[in-house]
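Take a look at the structure set out below.
The values are calculated or read from the model by the stated rules, or taken from the named source; none is laboratory data. Predicted model only: the values in this text are computed from it and were never measured. Glycine gets a Cβ as well: all are built from the backbone with ideal geometry, and neighbour counts include every protein chain shown. Quick note on the areas: whole protein, heavy atoms, side chains included, nothing else; ligands and nucleic acids left out. Shrake-Rupley method; radii C 1.70, N 1.55, O 1.52, S 1.80 Å.
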Amino acid sequence: QVRLVESGGGLVQPGGSLRLSCAASGSFFGINSMGWYRQAPGKERELVASMTNEGNTNYAESVKGRFTISRDHTKNTVTLQMNSLRPDDTAVYYCNADGYFSDYNVLSDYWGQGTQVTVSS
């Protein structure tokens, strides 16, 4: 019904930057919000950043001032600009879309397959 495809992950040195992107495709009624989650080894999945259709954003405390989320509603894409990366940013990053996919009255979540971000010297 809907697919979320992430790109932009990779290996960077501490202090470096990466830009993650995610595109939603397929048949659906609409998307309410999009965002990024991450899961590091031995840790639970956590919210990194999200943005609603109204432009409201939510960032994890650990990434405030370093990461910036943006969306293009016409293209159903979301990006995450990550600057000043630290080793503890290492994780699999997952794109998330909250929207109306199978029913215009039912809000549900879809997830991308994940992209690896590794910050290491």
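Quick rundown of the values:
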{"read-out": "Number of positions in the stretch 38-68 that are open to solvent by less than 60 Å² (accessible area, probe 1.4 Å) and either free of Cβ contacts under 8 Å to residues at least 60 places away in the same chain or more than 14 Å from the chain's Cα centre (by Cα) (or both)", "value": "14"}
{"read-out": "Tally, over the stretch 1-26, of residues that are under 13 Å from the mean Cα position of the chain (by Cα) and either open to solvent by less than 50 Å² (accessible area, probe 1.4 Å) or not hydrophobic (A, V, I, L, M, F, W, C) (or both)", "value": "12"}
{"read-out": "Output for the stretch 40-53, where each listed residue is touching a Phe, Trp or Tyr at 6+ places or on another chain (Cβ under 7 Å) and assigned to a strand (DSSP E or B)", "value": "E46, L47, V48, A49"}
{"read-out": "Residue ID - nearest to M34 (Cα to Cα), chosen from residues in the stretch 74-117 that are surrounded by 16 or more Cβ atoms within 10 Å (Cβ to Cβ) and of a type in the set (V, I, T)", "value": "V78"}
{"read-out": "Condition check for Q81: at pLDDT 95 or above, under 18 Å from C22 (Cα atoms) and assigned to a loop (DSSP other than H, G, I, E, B)", "value": "no"}
{"read-out": "Enumeration of residues in the stretch 87-121 that are within 28 Å of G15 (Cβ to Cβ), touching a strand residue (DSSP E or B) at 6+ places or on another chain (Cβ under 6 Å) and in a loop (DSSP other than H, G, I, E, B)", "value": "T90, G112, G114"}
{"read-out": "Members of the stretch 41-68 that are closer than 14 Å to D89 by Cα and touching a Ser or Thr at 6+ places or on another chain (Cβ under 6 Å)", "value": "R66"}
{"read-out": "Residues of the stretch 1-54 that turn out to be closer than 14 Å to Q113 by Cβ and of a type in the set (S, T, N, Q), as a count", "value": "4"}
